[in-house]
Structure formats: C-alpha cells, structure tokens
Amino acid sequence: MVTARRVLALFSISLGVCLSTTIIEGPKDAFALVHSNAAFNCTVSLPWNIIIWMIEGKPILTIVIGGPIITNPQFENQNYTTRSTFTSELIISRVTMQNNMTVQCNIQTEEIRQAFLFVQVDGQLSFATEISSIEQNRVFNIVCKAEGWNPAPAILWKKNNTNIDSKMYSTTVQQSSENRYNTFSTLNLTLSVSSKITCLANIKALPQPRTTALFITVKPTADRNQSWLIIAIVVPIAVAILLIILIIVIVICLRRRKPYETRYQNELRKRSSKTPQEMSTNGKEIYGVDNTGMSIGSENDYRFSPSLTSPYWIDMRSREMNRNVLETPPAPADNYGVQERTQSQPMNVPGNPRKIRHMTTV
C-alpha cells in the first residue's frame, strides 16, 4: 500500500510540472506557546496535483490527490476545498524551543512560499507587594513582576478597566537564563477613591494577555487638627522642662559661688578685728590703737579732715569702739613736742581701710 502511494506521488509530481498550478496564499508567520500546537495554511489553485511541506528545506509531509504521506508523527494535515481552490493545513503538535524554524510550501514549481514559526514561553505574573489600603491622595508605588518569560512580555496597567498612561509607570527587563527573562514594572499612582488596579502581560503567542489584579481601599487622611493639638501639648511641656533645667543650673552655680564669698567676708572681719599693736615713728614707740580711717603721719591729717573734726562722727565712732579701749602710759614730754596723753583716753579702731591715730593733747 505504501509503495502504491509513493508511485502515485511520483506520478503526480511529474504531472504537476506540466500543469499551471499556482499558490494563491502561502503560509504566514505563526506564534505558538511551548508544548502547544502550531498551524500553517497553503492555498493553491485548481487543478492541483501535489503539495510538499518542508522545514528548513527538508520535506516532512507530502499531500497528493490520494491523501497525505506522513513520515513524522509530529506533523499532521487537514484539507479544505472550494470550487476553485484547495487549502492544505500543516499542524505541528507539541512544539518546543527547538521548533523555531522556517516552514515552506512547495508545489513542484518555481514558486515557493515560506513563513517562520516562533515558539514562546509564558511565565508567572504577580505583584511584588500586596497593597490592600492607602491614605487618600497619597503617592504610592505598585510593582508588577513577570518572571520566566520568552520573549520579555509587554506590561500594561489599568485602573477600573481603563488604560493608565504609560508615563505613569516604568519597566525594566533582566535575563534570568539563556531563554528566560524577568520583567519588572513600577506604577506611580495617587488615588482619591477606592479602585481596582490590574497588571497585564502580553506576548504574541497568547490569545489574551495574562492579568493579575488587586482592589485598593482608600482611607481618609489623618486630621491635621489632631497634629496641631499634639504640637500644642508637647511644646509647652518641652519649654517647661527646659526652664526647670535652667533654674537647677543657676541654683548649682550660686551654691558653688557662696562658699567663696563667705571665705572672703570672714577674712575681712578677721583683719578688722585685730588686737591693738605697737607702732613706731622715727624709732620711738607710741602706744595706741590703729585707726584705719586715718593715715599715720602728721597732725594735719587730723586737723584738716572734715570727717574727723565732726563731733558727730567722733561720737559715733567712739561708741562703736568702746570695747577696744586701750590705756596708754604717759608719753615723755620731749617726744616730738607732744604733751602727755590722758591715761584713760580710749583709742578707737574703725573698720575703714584708712588708718587714723586718735590722740588727745593737753
């Protein structure tokens, strides 16, 4: 039986050379997903005698009037006939990436039509992060990723089934292996109401784009008055804390300074309360009490000092220094022409830094 078909095929080939059969419409490029079927059509005029399908220049299927001659089970044939044409459909089942090849339709004349078979791979499609809700009128990003595709798919976005302008998202492609690509698309979006966001990935082998979608609920923005209320509460508390710290620092500084001032005042008191001491003038001793309000020297200091000649002042200073009365022995008559002192005359020692010698002359 096979031998008879081969003989009939050879006869048809020789007969077709003599007849004027033409190809009305040749095969067209086809895109098929891996492990799916691919189909090519070749339409010829009547009468026809033989159609030969070839891949990369090698015959894989021959159709004659008696029927097809199949040499590989991966390739099949379907026929469609009209009053004036004959169409042969080549079916390639379960294509693989190795089936990316050129397909030719030959009718044993100089006219040959060819097309190309593209085998493609659709991978996974998902969102990088699941977003369920956002604040109203806040800018946010959504990332859609298509992994393991060949070729890299085209990414589209929709909001409530309406296409989003391509200026609002950006897409990058990375090659993960020799025949696979990963695509990432980032959408920059602002929503005022709850919406459905859809990411679409498409390649030519797909009859419809692959899609993934999520529904985003929009929450009202937090009331700004609450923020101002928080600020109004926090700021006074912070100011009060700073004032307390400042007061503590001032108190510490004053406490550190007070001992120094106390030591200085005690020293002054000690100096002002010293016991009477002997003073000498030109090598001769004079007994008395130092008066810091008058300088040691001549009697002119005493005579011409308005403050010292004032009876009021003398009386007040005498009362103040009654405790420091020092009885002095009678002085010699030839001591600088100064007469004897009254034995019971007190000597006042004022607290003024200027020393004054108080004497009574007769």
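Beyond 24 Å, what share of the Cα-Cα pairs of region 124-219 is found? Please give it as a whole percent. Percent of Cα pairs beyond 24 Å in region 124-219: 21. The convex hull defined by the C-alpha atoms of region 19-75 has an orientation-averaged projected area of 4.8 nm². Taking only the Cα atoms of region 53-184, the radius of gyration and Dmax are 23.2, 73 Å. Using the Cβ of ILE23 as centre and a radius below 12 Å, the other residues enclosed give a net charge of -2, where K and R count +1 and D and E count -1. In the neighborhood of PHE215, defined by Cβ-to-Cβ distances under 12 Å, what is the net charge if each Lys or Arg adds +1 and each Asp or Glu adds -1? Around PHE215, the charge tally is +1. Look at CYS144, CYS253 and count the other Cβ atoms within 10 Å of each Cβ; fewest to most, that gives CYS253, CYS144. Applying the Karplus relation 6.51 cos²θ - 1.76 cosθ + 1.60 with θ = phi - 60° to region 150-157 yields 3J(HN,Hα) values of 8, x, 4, x, 8, 9, 10, 10 Hz, where x marks Gly and Pro.
All of the numbers you see were taken from the coordinates with simple rules; none came from a lab. All of these numbers come straight from a predicted model, not from anything done at the bench. Methodologically, a virtual Cβ is constructed for each residue, glycine included, from the backbone with ideal geometry; neighbour enumeration extends over all protein chains shown.
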